[in-house]
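**Q** One structure is given below, represented as C-alpha cells, and several questions about it will come after.
Laboratory data are not the source of any read-out in this text; all were calculated from the coordinates shown. Since we're looking at a predicted model, the values are computed, not measured. Here the Cβ is made from the backbone with ideal geometry for all residues, glycine too, and neighbour counts use every protein chain on show.
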Amino acid sequence: MFKYGLEFRRKALKLYVQGNSAVSIGRLMGCAHNTILKWAKEKDICRTFKEAAEIRKPVYDSNFRKMAIERYASGLSSTNVAKELGCSNRTVLDWATEAGIKRSISEALKVAGIIPPSQKGVKRSMETRLKLSGDKNHFWRGGVAPLQKRIRMSLRYRDWRTEVFERDDYICQKCGEFSVAGARLRLNAHHRTPFIELLTKFELDTFEKAMACEELWNVENGVTLCVGCH
Ligand SMILES: [Zn+2]
C-alpha cells in the first residue's frame, strides 16, 4: 500500500537525521522532498535549517583541538591554523577563546614577530612623515586607496561589521528599518569617525599597522545604517 518500502523510508529518514536536507535526499533517492518532510513530521523529527547546519558540523577529537590551540598559542593566525589543519577559522577562534587564550591582533602580530620590537612604540610626527614622502614612504607612494581596499576586504573588517550589525540587531539606527523574512534589506556598517581620518590620525600606513590598531576596530565607532540612510 506504500509507494515506497519501509527500507527506503528508513534510509531517507536516517539521512535526514544526519543533517541532510530533504531536497538533497529527494534528489539522491529519487523521491519528492515533500514526501520526506511528511515522514519526518510523522516521526516528529522536523528541524530548522539552523539545527540541520549544527548537526552537519564536523566533530573534532580532543587531540585535533589541542593541536589547533597550540598552534594558535604559538602565534599563528587562526586563518593559518585553519588552513594548515583543514578546519574553519571560526572553529579555531572558538577553541582558543574557550581555552582562555583569545588575544588581540596586535598581540598576535607581536607574538608572530611581525611587529619587530625595535619599531614598537616608535612614532613619527606627521611632519617627519611628510618629509619622508616620496619613494621612502609607502604611505604616499602606494596611495591610501589600495590600503583602504585591502583593509575592507580583510576578515577583521568583516568581523567588525558583523559585530556592529549584531549589536544593533540588524536594524538601521536612523530610520529603524530592518529586514523581514523573505525581504532583502541592505545594511552598511557606517564609521562615525571616517575611516580615512582614523588611518591618518593613527598614522596607519601599512596593512599590518592597520590590523594592529585597536582604535580602528572599536565597535563603538560603527553604526548600522540602511542603504537609504547611509
Ligand atoms: Zn535607514
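**Q** Among the listed pairs Lys14/Lys66; Lys3/Lys43; Lys3/Lys38; Lys174/Lys209, give every one whose C-alpha distance is greater than 24 Å.
**A** On the way: Lys14/Lys66 32 Å; Lys3/Lys43 18 Å; Lys3/Lys38 14 Å; Lys174/Lys209 32 Å.
The pairs that break the limit, which is 24 Å between Cα atoms, are Lys14/Lys66; Lys174/Lys209.
**Q** Next question. Two decimals is fine: what's Rg over Rh for the stretch 145-226, C-alpha atoms, Kirkwood radius as Rh?
**A** Values: Rg = 13.7 Å, Rh = 13.4 Å.
Reported Rg/Rh, Kirkwood definition of Rh: 1.02.
**Q** With θ set to phi - 60° and the Karplus curve 6.51 cos²θ - 1.76 cosθ + 1.60, what are the ³J(HN,Hα) couplings of the stretch 81-97 in order, to the nearest whole Hz, using x for Gly and Pro?
**A** My calculation for the stretch 81-97 gives 4, 4, 5, 5, 9, x, 10, 8, 4, 4, 4, 4, 5, 4, 5, 4, 4 Hz in order.
**Q** What list of ³J(HN,Hα) couplings, whole Hz, do you get for the stretch 199-204 from phi and the Karplus terms 6.51, -1.76, 1.60, once you set θ to phi - 60° and write x for glycine and proline?
**A** 4, 6, 4, 9, 6, 8
**Q** Assuming a viscosity of 1.306 mPa s and a temperature of 10 °C, what translational diffusion coefficient in µm² per second does Stokes-Einstein assign to the stretch 6-56, Rh being the Kirkwood radius over Cα pairs? Don't skip to the end; give the middle numbers.
**A** Working: Rh = 10.6 Å.
Result for D is 150 µm²/s.
**Q** Now for a separate question. Could you please rank His230, His190, placing first whichever residue has the fewest other Cβ atoms within 10 Å of its Cβ? All intermediate terms of the calculation are to be shown ahead of the outcome.
**A** On the way: His230 14, His190 17.
Exposure proxy ranking, most exposed first: His230, His190.
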